[in-house]
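**Q** Next up is a structure, given as structure tokens.
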Amino acid sequence: MGGGLGASVLARAMAERGTRILVVEREERFRDRVRGEALAPWGVAEAKRLGIHELLATRCGSELRGWNIFFGGGSAPFIARDLVETTPQRAGWLTFYHPAMQELLLEAAAAAGAEVRRGARVVEVRPGQPPRVQVETDGRSEEVEARLVVGADGRGSMVRRAGRFTVAQDPDHLLFAGVLFENLPAPSDAVYHAINPGLGRVALLFPQRGERVRAYVGCHKDTLERRLQGAASLGRFIEESVRSGVPAEFYTRAREAGPLATFDGAETWVEHPYRDGVALVGDAAATSDPTWGQGMSLTLRDVRVLRDALLATDDWNAAGHAYAAEHDGYFARVHRTDSWFTDIFMDVGAAADARRDRALPLLAQDPSRICDVPHSGPEAPCDEAARRRFYGED
């Protein structure tokens, strides 16, 4: 259910191995919305294991091997990092235009043998052994019996509701806005990451092909009076970017090339995202705080782990439970470390300032103190010793 990144990649992977697959996607044509458009180095490694990296890299992707962090409007990077040289994956971030990525991977799923129905919608999901789905296409309704139903239908997942999964959520703390620009002269081979911790502001620039840049601004919710939404808010978006530390001259000739929208940064998740013939992947299973850019990498990890579990046994009920147990482990590590980054870089108030006064000088002296989960993945050290180093408490 869903024809985005998770659904398309899983459909392709299983269809290539002879499994009969039906993909139900309601959009007949993908359009630009504010979403993640970058895979972290650990997500790039997942893409390689799933056999889609070359397709993305050659057809719609750009590698950004650098990650440059600027603090408080400084002109020199606080940290300038070559990710190809310093990550276990020996990779940078991979960026792409989201609709182009979706079309490419859905076509690849169909080419591998998956049946793809576009302009279709799921009317009902009935968990069970086997589960059943009511699909409506062009006004005609059909009941489909499946060995497994996979909800890859995003943060508002209908499959999740139908499967009676319980959703947990962090308190609201951050807002994250994004827009696509043309003619924005950011460096083309690196992520530009500006942080103004005392103001609870962060801005990120991810260059894409065709001289486009996806720009984001993250704000602590207590510091933004109104959401940045629609073309009328573009001037405010630029102001907030500059407050975060992006040079104002970057926007002199920049032209808006897509919609501007804001969404909540609170993380949501399902404990054990499999039950009774229904599995959840991607944002349907868990949404990470977009400020730290882990969402699509988590989606590909979900797909790869579920694929491997299904291929390892004929008992797909056991495979679903094995996937869910592993998912809970790596999502918990991402979730935990996202909260650390928010504490140090985005929280506001006297206690947050005291944390930064202790931690930031040490991070500047020794960048290895920074927890590397956002780049290197959930296998990077993130235990209590890693937390104490990051916070400067060791």
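Since every read-out is calculated from the coordinates, none of them should be taken as a lab result. Note that this is a predicted model, so its numbers are computed, not measured. Please note: Cβ atoms are built from the backbone with ideal geometry, for glycine as well, and neighbour counts cover all protein chains shown.
**Q** If each DSSP helix of 4+ residues adds -39,500 (n - 2.57) and the sum is divided by the residues in the chain, what number results at 222 nm, nearest 500 deg cm²/dmol?
**A** -10500 deg cm²/dmol
**Q** So who's got an amide H within less than 5 Å of the one on Gly151, skipping anything under 5 residues away but keeping other chains? H placed 1.01 Å off N, in plane.
**A** Excluding prolines and chain starts, which carry no amide H, the hits are Ala279, Leu280, Val281.
**Q** Something else about it: Sort all Cα-Cα distances of the stretch 174-264 into consecutive 5 angstrom bins from zero, then give the percent of pairs in each bin up to the one containing the longest distance.
**A** Values per bin, smallest distances first: 3, 16, 29, 27, 17, 7, 1, 0.
**Q** Something else now. Rounded to the nearest 5, what is the percent of antiparallel bridges among the DSSP beta bridges in the chain?
**A** 80 percent
**Q** Just report the Cα centroid separation between the stretch 315-394 and the stretch 57-94, whole Å.
**A** 19 Å
**Q** Please give the peptides 239-249, 274-284, 174-184 ranked by average Cβ packing (other Cβ atoms within 10 Å per residue), highest first, as a rough proxy for protection.
**A** Descending packing order for the listed peptides: 274-284, 174-184, 239-249.
**Q** Using Cα centres only, tell me the gap between the stretch 9-34 and the stretch 205-273 in whole Å.
**A** Here the answer is 29 Å between Cα centres.
**Q** In sequence order, what are the phi-derived ³J(HN,Hα) couplings for the stretch 247-259 according to the Karplus relation 6.51 cos²θ - 1.76 cosθ + 1.60 with θ = phi - 60°, rounded to whole Hz, with x for glycine and proline?
**A** With the stated coefficients, the stretch 247-259 comes to x, 4, 5, 4, 9, 4, 10, 5, 10, 5, 10, x, x Hz.
**Q** Okay, moving on. What is the spin-label model distance, in nm, from Asp357 to Thr252 if the labels are put 7 Å beyond Cα along the C-beta direction?
**A** 3.9 nm
**Q** So, one more: How large is the charge dipole for the stretch 64-175, taken about the Cα centre, if only the Cβ atoms of Lys, Arg (+1) and Asp, Glu (-1) carry charge, to the nearest 20 debye?
**A** 220 debye
**Q** Over the stretch 1-123, what portion of Cα pair distances is larger than 19 Å, expressed as a whole percent?
**A** For the stretch 1-123, the share of Cα pairs beyond 19 Å comes to 54 percent.
**Q** Continuing with this model, one more query. What nm distance separates the two modelled labels at Lys48 and Leu234, each placed 7 Å from Cα along Cα→Cβ?
**A** So the two model labels end up 3.9 nm from each other.
**Q** Give me the extension gain from Glu28 to Val167: residue separation times 0.36 nm, minus the current Cα-Cα distance, reported in nm with one decimal.
**A** Using 0.36 nm per residue and subtracting the Cα-Cα distance, I get 47.1 nm.
**Q** What's the magnitude of the charge dipole for the chain around its Cα centre, counting Lys and Arg as +1 and Asp and Glu as -1 at the beta-carbon? Answer in Debye, nearest 20.
**A** 480 debye
**Q** Given the peptides 263-273, 78-88, arrange them by the average over their residues of other C-beta atoms within 10 Å, most packed first.
**A** So the peptides 263-273, 78-88, ranked by packing, come out 263-273, 78-88.
**Q** Extension gain Thr86-Asn317, at 0.36 nm per residue separation less the Cα-Cα distance, in nm?
**A** 79.2 nm
**Q** Ranked by Cβ crowding within 10 angstrom, fewest neighbours first, how are Thr223, Thr19, Thr299, Thr58 ordered?
**A** Lowest to highest Cβ neighbour count: Thr58, Thr223, Thr19, Thr299.
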